[in-house]
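K.L.:
Here it is, the structure, as structure tokens.
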Amino acid sequence: MPAQLTEIRVREVKVRLHRAGRGPTVLFLHGAGGVPQWLPFFEALAERYEVLVPEHPGFGLSDDPPWISSMPDLAMFYLDLVEELWLERVHLIGNSLGGWLAAEILVRDRARFRSLVQLAPAGIRVKGVPCGDNFIWGPEEAVRNLYHDQSFADRILALTPDDAQMDVMLKNRFTVAKLGWQPRWFNPDLEKWLHRIKVPALIVWGDDDKIMPPAYAALWTARLPDARLVIVEGCGHLPHVEQAPVVLSHVHAFLEGAAP
Amino acid sequence: MKLVSFHLMPYRPLDLAEAAKHRSPWVVLPNRLYDPVLGAKEYERHIDALVYAEELGFDAIGVNEHHQTAYGLMPAPNLIASALIQRTKRVKIAILGRALPLVNNPIYIAEEFAMLDNLSKGRIIAGFVRGIGSEYHSSGTNPYFSHERFHEAHDLIIRAWTEPGPFAFDGDHFSLQYVNLWPRPYQTPHPPVWIPSQGSSETVAWASHPARKYPFLVTFSSADLVARYHNTYRNQAREYGYEAAADQLGWACPIYVAESDERARAEAGHAVETLFNDFLRQTFEMLMPPGYTSMNSMKNFVAMRRGLGGGKATAEGLIDSGTALIGSPKTVLAGIERMREKTGFGILVALLQFGILSDELTRRNMDMFAAEVMPHLRD
């Protein structure tokens, strides 16, 4: 089922939205790389759910309003977006920066959300365990360090992005710096409020994540009030890409359990 | 023409072969490669060279700020400036410059410059820069807000120097209940402000604005680029309705003078290559963190680099492109005069020690520059 591409406007901000499927709503919040393509992971979810994948303001072809200057701003914007679209009982899934965003949203207002899946989220800091510095890595290094299985990296590195794709990559990179450069990949005020996320949560982490080390999984599991943790073997920072079938089986089981 | 003897204070004892194994001599070069005994000697010799420049008749001596790098040992250039004040009498002392966006309270920069201006009885030239890309990695400052922080810090410093305190400052990045400088600067209305830059059009438009008319120093670029940036400034000034004066345009350039072109190249060729290939070596990601320049400037930079290709700088290439002036007095003078004809620039910031150039050769270079080149540049 191909995704339908639409544009919505929330508070005068144009947001590009990929959507597919019918059923309970799954809102997927992308990470630093944006939404370069409709993933098999989305496709499989869309068989049972209505899957919404927005491009965050500042990413892809969405607008980039200057007043969104931090992750808390972006989270407040998403609360507006969810209201604007009349979304309810939403299953929230976030990866990396999108996982950070999911937590920022839920600590503020969880009324319209019923569960949370965190795929290697950023957002908190384990003292003494620095994240990988993907701002200083070169282009090839940055792609390679996303994956455990280097054949994924090889396939991406074999592609030559066109000018429009290069522009989007640059735009994403600027926004990622704006949101996450300092302090690097976390909000010092987030961890102390994670107990507010009183929805069932599934935390998924690759055992070979070179960006957010697996030590972070333990802290998330300890801080979220109702969380279970799955460590995926042979997997880097994008579990839903690199180990899609394994992650899907966990996510499906979790979402069905969280359904009532 | 105003002549500035400028120094980067590189760490010359650096094991270049060992350093080459690391991503860059900036940010990540392990500091076990710094030997404090050798480093302390470096400070002594570099300061001696700057002090000597007063004796030779330079108008100003210059230092600058860089962090966490073997390229330059002056994370706090004002400390060096303070030492120079005590050892000199007449010469201006140019700090080229302080990196405004990297600090959390720019008042400290305003205060330190005001102190130096008092200590020197008005000999300070205050350079304002944003810091180079690598310094956003090493300081953690968010490059996305670099321009905003620079402009806000600049406005705060100028107001702190000129407006009666105490007053409150309400910025987006810096918000202060009390701005009230003690001491106030010695010079009225404040020390001259110079803007060293690698030539971004945004900076040119800002520096040349009639409210500022800040001298604009182009650093480490080919002669063609220097001329282009100078003329961009001139044209921008004309658009603002005035003609840029000679002392609004500066050129910072490695210079080496010897009896003959051959001798100059033999003595300084390798050293200038170490400046560009060893001490300045940085990756694109370090030089251009996201947001440090506008998206368009960054795209132009990518295209330009692609055009240049990789590869190492050679002394020959640096000399041919006019990035470095190395040769006999006649050759060096001709390079300066060519630029003067093209752009009418009036500030020459001469880097007379660069890379691993030894104390002995630096001294000889300074002597020969002062004896054979300087007299021809006096207006």
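No lab work stands behind these numbers, since they all come straight from the coordinates. The structure presented is a predicted model; accordingly, all values stated were derived computationally and were not measured. No Cβ is skipped: glycine too gets one built from the backbone with ideal geometry, and neighbour counts run over all protein chains shown.
K.L.:
For region B:1-123, give the share of DSSP beta bridges that are antiparallel, in percent and rounded to the nearest 5; count only bridges with both residues there.
P.N.:
For region B:1-123, the DSSP antiparallel bridge percentage is about 10.
K.L.:
Would you tally the net charge around B:ALA81, using a Cβ to Cβ cut-off of less than 12 Å, leaving B:ALA81 out, and scoring K and R as +1, D and E as -1?
P.N.:
Computed value for this residue: +1.
K.L.:
Let me ask something else about it. Taking chain A as a Gaussian network, Cα atoms linked when under 10 Å apart, which of A:ALA201, A:ALA142, A:ALA103 shows the biggest mean-square fluctuation?
P.N.:
A:ALA142
K.L.:
Also: Charges on Cβ only, +1 for Lys and Arg, -1 for Asp and Glu, centred on the Cα centroid of the protein assembly as shown; of B:TYR11, B:ILE93, B:THR274, which one is farthest towards the dipole's positive end?
P.N.:
Checked the options; the winner is B:ILE93.
K.L.:
So if I place +1 on the C-beta of Lys and Arg and -1 on the C-beta of Asp and Glu, and nothing else carries charge, what would the dipole magnitude of region B:68-158 be about its Cα centre? I want it in debye, nearest 20.
P.N.:
600 debye
K.L.:
State the antiparallel share, in %, of DSSP beta bridges confined to the protein assembly as shown, rounding to the nearest 5.
P.N.:
Around 20 percent antiparallel, to the nearest 5.
K.L.:
Cα to Cα, under 19 Å, and not fewer than 8 places away if on the same chain: which aspartates and glutamates meet these conditions relative to B:LYS299?
P.N.:
Counting by Cα, and skipping residues close in sequence, B:LYS299 has these aspartates and glutamates nearby: A:ASP64, A:GLU140, A:ASP162, A:ASP163, A:ASP167, B:GLU202, B:GLU285.
K.L.:
What residue among B:PRO210, B:ALA223, B:GLN236 has its Cα farthest toward the positive end of the dipole of region B:176-241, where the charges are +1 on Lys, Arg and -1 on Asp, Glu, each on the Cβ?
P.N.:
Selected residue: B:PRO210.
K.L.:
If the elastic network links every pair of Cα atoms under 10 Å, which of A:ILE156, A:ILE124, A:ILE93 fluctuates the most in the Gaussian network model of chain A?
P.N.:
Of A:ILE156, A:ILE124, A:ILE93, the Gaussian network model singles out A:ILE156 as fluctuating most.
K.L.:
Another question, then. Rounded to the nearest 10 degrees, what's the angle between the helix B:295-308 long axis and the longest principal axis of chain B, both from Cα atoms, 0 to 90?
P.N.:
That helix lies at roughly 0 degrees to the long axis.
K.L.:
Can you give the FRET efficiency for B:ALA76 and A:GLU47, using 1/(1 + (r/R0)^6), R0 = 45 Å, r = Cβ-Cβ distance, to the nearest 0.05?
P.N.:
0.15
K.L.:
With contacts defined as alpha carbon pairs under 8 Å and 6 or more residues apart, what's the relative contact order of region B:1-131 in percent?
P.N.:
Relative contact order, region B:1-131: 25 percent.
K.L.:
With +1 assigned to the C-beta of every Lys and Arg and -1 to the C-beta of every Asp and Glu, and no other charges, what is the dipole magnitude of chain B about the Cα centre in debye, to the nearest 20?
P.N.:
That gives a dipole near 300 debye.
K.L.:
What is the magnitude of the charge dipole of the protein assembly as shown about its Cα centre, with +1 placed on the Cβ of each Lys and Arg, -1 on the Cβ of each Asp and Glu, and no other charges, expressed in debye to the nearest 20?
P.N.:
In total the dipole reaches around 760 debye.
K.L.:
Turning to a different aspect of this structure: In a shell of Cβ-Cβ distance under 14 Å around A:GLY123, excluding A:GLY123 itself, what net charge do Lys and Arg (+1) and Asp and Glu (-1) give?
P.N.:
+3
K.L.:
Just need the relative contact order of chain B here, percent rounded to a whole number, with Cα pairs under 8 Å and 6+ apart.
P.N.:
Worked out over chain B, it gives 20 percent.
K.L.:
Any idea what angle helix B:329-343 forms with the longest principal axis of chain B, computed on alpha-carbon atoms, 0 to 90 degrees, nearest 10?
P.N.:
Roughly 40 degrees between the two axes.
K.L.:
Further question: I'd like the mean, over residues of B:134-143, of how many other protein chain beta carbons sit within 10 Å of each residue's own Cβ.
P.N.:
Taking all residues of B:134-143 together, the mean is 3.
K.L.:
Which residue, B:TYR240, B:TYR52, B:TYR292, has the most motion in a Gaussian network model of chain B that connects Cα atoms within less than 10 Å?
P.N.:
In the Gaussian network model the winner is B:TYR240.
K.L.:
Would you mind giving the mean number of other chain beta-carbons within 10 Å of the Cβ of each residue in A:172-181, as a whole number?
P.N.:
For peptide A:172-181, the averaged partner shielding equals 5.
K.L.:
Using Cα atoms only, what is the angle between the long axis of helix B:261-273 and the major principal axis of chain B, expressed in degrees (0 to 90) to the nearest 10?
P.N.:
Helix B:261-273 and the main axis of chain B meet at about 50 degrees.
K.L.:
Here is a follow-up. Taking R0 as 22 Å, what's the FRET efficiency between A:ASP133 and A:ALA218 from their Cβ-Cβ distance, rounded to 0.05?
P.N.:
In this case the efficiency is close to 0.50.
K.L.:
Which helices pass in chain A if a helix is a full DSSP H run, must span at least 15 angstrom along its long axis by Cα, and must have mean Kyte-Doolittle hydropathy not below 0.0?
P.N.:
A:71-84, A:97-108, A:244-257
K.L.:
Hey, rough spin-label estimate for A:LYS198 and B:LYS299, points 7 angstrom out along Cα→Cβ, what's it come to in nanometres?
P.N.:
Between A:LYS198 and B:LYS299, the label points sit 5.0 nm apart.
K.L.:
Right, something else. In straight Cα distance, which aspartates and glutamates are under 13 Å from B:LYS21, not counting same-chain residues fewer than 8 positions off?
P.N.:
Reachable aspartates and glutamates: B:ASP278.
K.L.:
What is the packing order of peptides B:261-267, B:29-35, taking the mean over residues of other C-beta atoms within 10 Å and listing the highest first?
P.N.:
Order by mean packing, descending: B:261-267, B:29-35.
K.L.:
Which links in B:LYS92/B:LYS342; A:LYS127/A:LYS192; B:LYS89/B:LYS121 stretch past 18 Å when you go from one Cα to the other?
P.N.:
Those over the limit are B:LYS92/B:LYS342.
K.L.:
How big is the antiparallel share of DSSP beta bridges in chain A, given as a percent to the nearest 5?
P.N.:
30 percent
K.L.:
Take B:TRP182, A:TRP205, B:TRP206 and order them by how many other Cβ atoms sit within 10 Å, fewest up front.
P.N.:
B:TRP182, B:TRP206, A:TRP205
K.L.:
Report, in deg cm²/dmol and to the nearest 500, the calculated mean residue ellipticity at 222 nm for the protein assembly as shown, where each DSSP H run with n ≥ 4 adds -39500 (n - 2.57) and the sum is divided by the residue count.
P.N.:
-12000 deg cm²/dmol
K.L.:
Averaging sequence separations of C-alpha pairs under 8 Å and six or more residues apart, then dividing by the length of chain A, give the relative contact order as a whole percent.
P.N.:
20 percent
K.L.:
Using the C-alpha atoms of chain B, what convex hull volume per residue, in cubic angstrom, is computed?
P.N.:
Once divided by residue count, the hull of chain B is 136 Å³.
K.L.:
Let me ask you something else. Could you tell me, in Å, what Rg and Dmax come out for the Cα atoms of region A:4-257?
P.N.:
Cα-based Rg and Dmax for region A:4-257 come out at 16.7, 45 Å.
K.L.:
I'd like to compare A:38-46, B:130-138, A:160-168: which one has the highest average count of other Cβ atoms within 10 Å, and what's the full order after that?
P.N.:
B:130-138, A:38-46, A:160-168
K.L.:
To continue, here is another question. Cα to Cα, under 13 Å, and not fewer than 8 places away if on the same chain: which aspartates and glutamates meet these conditions relative to B:LYS41?
P.N.:
List returned: B:ASP359.
K.L.:
What is the local net charge at A:LEU190, summed over the other residues whose Cβ is closer than 10 Å to its Cβ (Lys, Arg +1; Asp, Glu -1)?
P.N.:
0
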